[in-house]
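These notes are about the structure you will find just below.
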Amino acid sequence: MNLFNIPSNELLQHLINGLTLGAIYSLIALGYTMVYGILKFINFAHGEILMAGTYAGYYFYYFLYDPSKGAAYTIGIFIAALVIAMIASAILGVVIEKVAYKPLRKAPRLAPLLSAIGVSIILANLAALFFGTKSKKFEYPFNNSSMDIGGSSITPNQLMILAVGLIMMAGLKLFVDRTRLGKAMRATSQNQPVAALMGINVNLIISLTFAIGSALAAVAGVLIALEYKVYPTMGTMAGLKAFIAAVVGGIGNISGAMLGGIILGLLETFGVVILGIPQGLKDTIAFSVLILILLLRPSGILMKNIREKV
């Protein structure tokens with residue numbers, strides 16, 4: 001069976017590639033959509049928060065890295081490095097919110113947007129100053145030799161990305177839907193003044209939102225670093241594409257961010273194959289999708305247009 005003249009074994013290969021890429025976009029997009037859902041502004045420093053967490057995980061990993069101690073030890077310190085990356089990004093996200101965004105909550109919407117852009121430039125330049133501009137390789141904690149599955153070449157790292165992405169997204173969805181803090185986040189998103197009158201600590205919820213979104217971005221950053229490298233501007237394009245994914249799904253909607261990331265990953269992967277777009281120009285697919293969404297359904301796939309009565 002051939003779809004778009006793609007053999008079935010290659011179809012599975014491209015499907016796995018697209019889902020892997022989409023899982024990473026989804027994890028990053030969740031940070032954008034959670035912040036927008038509560039504060040109604042875009043945290044354009046999100047990609048740099050991802051980068052900072054990845055550096056923290058990288059240096060922790062290589063501080064303890066010793067392949068002679070066996071695979072179990074290496075995988076253990078990798079998991080620890082992933083946790084360190086999440087903690088570092090979460091702390092940085094909260095600090096940035098307190099310093100650069102909180103004083104501007106009542107300012108015109110352009111002010112926090114410009115502040116976010118300024119923070120992103122500062123973080124990228126500080127990373128270049130302290131860590132250098134040369135990219136660093138994040139070694140796999142396991143044997144990443146490809147496996148033949150149904151005639152397709154799948155790597156353990158791809159399976160790990162899919163598994164980690166699914167666990168993180170499912171965990172976040174359960175947290176938001178089933179816990180008291182999750183309900184408080186939803187209430188704050190709907191109406192901050194009313195949520196405060198109901199006894200919800202709005203400042204705490206906003207900080208928690210930044211912490212969770214930043215931690216998820218750090219997970220995505222480490223997963224990206226395994227496949228590529230760590231460098232000061234690694235979060236720029238990944239952040240922009242994740243923002244597009246959030247817009248595609250409906251920014252402010254958690255399920256929409258997940259769906260948008262998967263859709264964008266699949267469109268990028270199959271767009272290169274079906275349309276014959278060179279790998280170096282595949283970024284044009286994401287921005288073309290953004291333009292189409294803004295023209296045809298600016299509220300996103302899963303968002304509904306709400307009419308306000310005056």
In the stretch 63-86, anything in contact (Cβ under 8 Å) with a residue 40 or more places away in the chain, over 18 Å from the mean Cα position of the chain (by Cα) and within 24 Å of Ala211 (Cβ to Cβ) is listed as Ile77, Phe78
Restricting to the stretch 173-202, count the residues that are more than 20 Å from Leu259 (Cβ to Cβ), among the hydroxyl-bearing types (Ser, Thr, Tyr) and either touching a residue at least 40 places away in the same chain (Cβ under 8 Å) or surrounded by 14 or more Cβ atoms within 10 Å (Cβ to Cβ) (or both).
1
Scanning the stretch 264-273 residue by residue, the ones that are farther than 14 Å from Ala245 by Cα and either loosely packed, with under 14 Cβ neighbours inside 10 Å or not aliphatic (A, V, I, L, M) (or both) total 3
Among the residues in the stretch 39-58, are any more than 15 Å from the chain's Cα centre (by Cα), charged (D, E, K, R), buried (at least 17 other Cβ atoms within 10 Å of the Cβ) and farther than 22 Å from Gly265 by Cβ?
no
Of the conditions (1) closer than 29 Å to Phe60 by Cα; (2) more than 20 Å from the chain's Cα centre (by Cα), the single one that Leu197 does not satisfy is (1)
In the stretch 259-291, the residues that are touching a residue at least 60 places away in the same chain (Cβ under 8 Å) and touching a Lys or Arg at 6+ places or on another chain (Cβ under 8 Å)
Leu264, Glu268
Residue check, Ile154 against (1) of a type outside the set (S, T, N, Q); (2) over 20 Å from Ala81 (Cα atoms); (3) surrounded by fewer than 14 Cβ atoms within 10 Å (Cβ to Cβ), all met but one. Which one?
(3)
A careful count of residues in the stretch 150-195 that are farther than 20 Å from Ile254 by Cβ and hydrophobic (A, V, I, L, M, F, W, C) gives 4
Quick check on Ser89: is it at pLDDT 90 or above and out of contact with any Ser or Thr (no Cβ under 6 Å at 6 or more places or on another chain)?
no
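Taking the condition surrounded by 18 or more Cβ atoms within 10 Å (Cβ to Cβ) and small (Gly, Ala, Ser), does Gly165 pass?
Yes; evaluated as a whole, the condition is true for this residue.
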State which residue pairs qualify: first residue closer than 14 Å to Leu39 by Cβ and in contact (Cβ under 8 Å) with a residue 12 or more places away in the chain and inside the stretch 87-116, second residue basic (Lys, Arg) and outside any helix (DSSP H, G or I) in any location, beta carbons under 8 Å apart, and separation of 6 or more residues or different chains.
Arg109/Lys40; Pro112/Arg105
Restricted to the stretch 225-258 and to residues being closer than 16 Å to Val289 by Cβ and part of a loop (DSSP other than H, G, I, E, B), the residue nearest to the chain's Cα centre (by Cα) is Ile251
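The values are calculated or read from the model by the stated rules, or taken from the named source; none is laboratory data. Remember, predicted model here, so these are calculated numbers, not experimental data. Reconstructed Cβ throughout: ideal geometry from the backbone, glycine too, with neighbour counts over all protein chains shown.
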